[in-house]
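Structure, as structure tokens:
Values quoted throughout were computed directly from the atomic coordinates according to the rules given, and no laboratory measurement underlies them. Model, not experiment: these values are computed from the prediction. Every residue, glycine among them, receives a Cβ derived from its backbone with ideal geometry; neighbour counts consider all protein chains shown.
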Amino acid sequence: MKFIQTRGFDANKAEKVTFSEAILSPIASFGGLYVPEELPELGEEFLNKHLNSSYKELAKDMLSRFEIDIDGAVIDEALNLYDKFDDASNPVPVVKVKENLYISELYHGPTRAFKDMALQPFGVVLSSIAQRLNENYLILAATSGDTGPAALETFKNRANVKVACMYPDGGTSDVQRLQMVTEDAKNLKVIGIHGVFDDAQNALKRLLASESFKEALAQKDTKLSAANSVNFGRIIFQIIYHIHSYLELVRQNGITMGEKVYLNVPSGNFGNALGGYYAWKMGLPVAKIIISSNENNVLTKLIRDGKYDIRDCAVVGTTSPAMDILKSSNVERVLYDLFGTQRTKELMFDLEEQNFYKLTSEELDKLRESFDADFCNGDEGKKYIKEIFEGYHYLMDPHTATCMKSYETCSNPEIKTIAYSTAEWTKFSPVIANALTGEKDAQDIQALESISKVAGLEIPTMIRRLFSKEIAQKTIIEKENIESEILKFL
Ligand SMILES: *Cc1c(COP(=O)(O)O)cnc(C)c1O
């Protein structure tokens, strides 16, 4: 299968590229994104066939339908990484919380957040392409907390790939910071920056666009790539768990085959939601995809009013920081799917130039056939964490909690909901401890202990060990010095 481009193509780029090419340079003509030329149709036959398959069997068959230019043996190696999740036989447990609400837990991987679902296999795939081409790649990552640890973990000691990961010093949780700075491998460089996440993100964008930086890398026989969430190499692995979660509901007798469900997704850059949308297009019975946001509620407004409006808007810090985002990049792929190339280009140019676009009322109707949305603020989120823990003995993190508001406001109770849990309680423990016990300003380690006591849960070993592990990555610099620091590392 070939990949085409959301904003059409200019003379500098081929009209269509392979999967490998779309992975290595994910930015398409006019700043657009790559999308599959067509989505494979799976339908009910596929679902029936995989009713009793393992996660890996399901994944392998789904990926094979895309006919990508990656060897079967590489795909196998990539999917084998799900064996390192808590339960190798079921890497994504789906838990019934109450009569019509199920939670699909996407956080059972090595860094305890959902980024592992895609980044774990992606690391193997990217490294194998680099080896095949006999090229060396520098992966740049800027993180507010979850992508960094997941990217470092997946590329650690992989051939032909180095990673430079920038984070705002003081802008992540203790657990997230420790997950990064305790990573000790020759091909990894972690750089703390005096500043906020936007400083790290802007530095990354500047370097990705800099010709002089690329030349300096070329002298070191290295090419530049990024592992951000617009990369289709990540998206493709995010279709699988939506299908898996649906089949789990059938297996648990929560639904009968063919019954439609809501997919309720805590959203930031829209990769997770897009995976669900593609699964639906490929034949999964879905009633609607419900987009949950925090106070940074641009997506709620888009889906309710048809306006993407970030004029005079600044990101606000919330208790669900992985969703603190204004430009939600993967929305573009939905626009393309619904409205085509010309209109997508127009809308995205409006957004880039005026920080604003507006859909026509017909377009909005079309968008709303697939999506609904609501947002949940931090206090509401904490209330849901406490209520659901006390009422149903289910502990959720602040990102997952945003789904509970839209579950109440956007769903018909007759239709079952699969809500996605994107982080383990251990990653955002101070907020959860505050929700459960009222304690304030706890350090991560204290909050972990108190949740562990209140909820009767053990702190996972990989989290506990972080606090006594040696700090391997000690660089903390001014943002002006990032480029020279990275070149020094290479
Ligand atoms: C990245 C992330 C999200 C947002 O996912 P998108 O695919 O970017 O919408 C939500 N929750 C957590 C914990 C995350 O790490």
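Throw me the Rg/Rh for the range 1-154, computed over C-alpha atoms with Kirkwood Rh, two decimals.
Details: Rg = 17.4 Å, Rh = 17.6 Å.
Result: Rg/Rh = 0.99.
Run the dipole for the range 75-132 about the Cα centre, Lys and Arg Cβ at +1, Asp and Glu Cβ at -1, nothing else charged, and hand back the magnitude in debye, nearest 20.
I would put it at about 200 debye.
May I ask you to work out the translational diffusion coefficient for the range 185-224 at 10 °C, viscosity 1.306 mPa s, via Stokes-Einstein with Rh from the Kirkwood sum over Cα pairs, reported in whole µm²/s?
D = 137 µm²/s.
Rounding to the nearest 20 debye, state how big the charge dipole of the range 69-196 is about its Cα centre with +1 on each Lys and Arg Cβ and -1 on each Asp and Glu Cβ.
Magnitude of the dipole: close to 320 debye.
Please tell me which of these pairs span more than 23 angstrom C-alpha to C-alpha: LYS223/LYS345; LYS358/LYS383; LYS98/LYS383; LYS383/LYS427; LYS162/LYS488?
Flagged as over cut-off: LYS223/LYS345; LYS358/LYS383.
Give me the distance in nm between label points sitting 7 Å out from Cα along the Cα-to-Cβ direction at VAL316 and GLU449, one decimal.
Label-label distance for VAL316 and GLU449, simple model: 3.4 nm.
Between ASP76 and ASN355, 0.36 nm times their residue separation minus their Cα-Cα distance comes to what?
Extending this stretch completely gives an extra 96.2 nm.
Can you give the Rg to Rh ratio of the range 353-414, both from alpha-carbon atoms, with Rh computed by the Kirkwood formula?
Answer for the range 353-414: 1.14.
Can you give me the relative contact order of the chain as a percent, contacts being Cα pairs under 8 Å and 6 or more apart?
18 percent
Using only the alpha-carbon atoms of the chain as identical scatterers, what base-10 log of I(q)/I(0) does the Debye formula give at q = 0.11 Å⁻¹?
-0.91
To the nearest 20 debye, what charge dipole does the chain have about its Cα centre, counting +1 at the Cβ of each Lys and Arg and -1 at the Cβ of each Asp and Glu?
500 debye
Taking Cα pairs under 8 Å and at least six residues apart, what relative contact order does the range 93-155 come out at, in percent? Working shown, then result.
On the way: 58 pairs, mean separation 19.6, N = 63.
Averaging sequence separation for qualifying contacts and normalising by length gives 31 percent for the range 93-155.
Once you have the Cα-Cα distance between SER53 and LYS98, take 0.36 nm times their residue separation minus that, and quote the gain in nm to one decimal.
Values: separation 45, 0.36 × 45 = 16.20 nm, distance 2.56 nm.
Stretched out fully, the SER53 to LYS98 stretch lengthens by 13.6 nm.
Using a ≥ b ≥ c from the Cα gyration tensor of the range 361-488 (square roots of the eigenvalues), is it rounded, prolate or oblate, where a/c under 1.5 gives rounded and otherwise the larger of a/b and b/c decides, a/b for prolate?
oblate
Looking at the range 50-79, which GluC sites (Glu not before Pro) are DSSP coil and have at most 14 other C-beta atoms within 10 Å of their C-beta?
GLU67
Between LYS488 and HIS393, with labels modelled 7 Å along Cα→Cβ, what's the label distance in nm to one decimal, could you check?
Between LYS488 and HIS393, the label points sit 5.4 nm apart.
Could you rank the peptides 27-36, 426-435, 474-483 by their average count of other C-beta atoms within 10 Å per residue, with the highest value first?
The peptides rank, most packed first, as 426-435, 27-36, 474-483.
Let a ≥ b ≥ c be the square roots of the eigenvalues of the Cα gyration tensor of the range 64-198; is it rounded (a/c under 1.5), or, if not, prolate (a/b larger than b/c) or oblate?
Oblate.
Restricting things to alpha carbons, find the Rg to Rh ratio for the range 131-233 using the Kirkwood radius for Rh.
Working: Rg = 13.4 Å, Rh = 14.0 Å.
Reported Rg/Rh, Kirkwood definition of Rh: 0.96.
Quick one: grab Rg to one decimal and Dmax as a whole number for the range 241-301, Cα atoms only, in Å.
When restricted to the Cα atoms of the range 241-301, Rg and Dmax are 12.5, 37 Å.
With the dipole of the chain worked out from charges on the C-beta (+1 for Lys and Arg, -1 for Asp and Glu) around the Cα centre, which of ASN231, LEU335, VAL454 lies farthest toward the positive end?
Highest projection toward the positive end goes to ASN231.
Can you compute the helix-only [θ] at 222 nm over the chain? Use -39500 (n - 2.57) per DSSP H run of at least 4 residues, normalise by all residues, nearest 500 deg cm²/dmol.
For the chain, the value works out to -13500 deg cm²/dmol.
Check LEU224: other-chain or 5+ apart residues with amide H under 5 Å from its amide H, H built from backbone geometry?
So LEU224 has HN proximity to LEU138.
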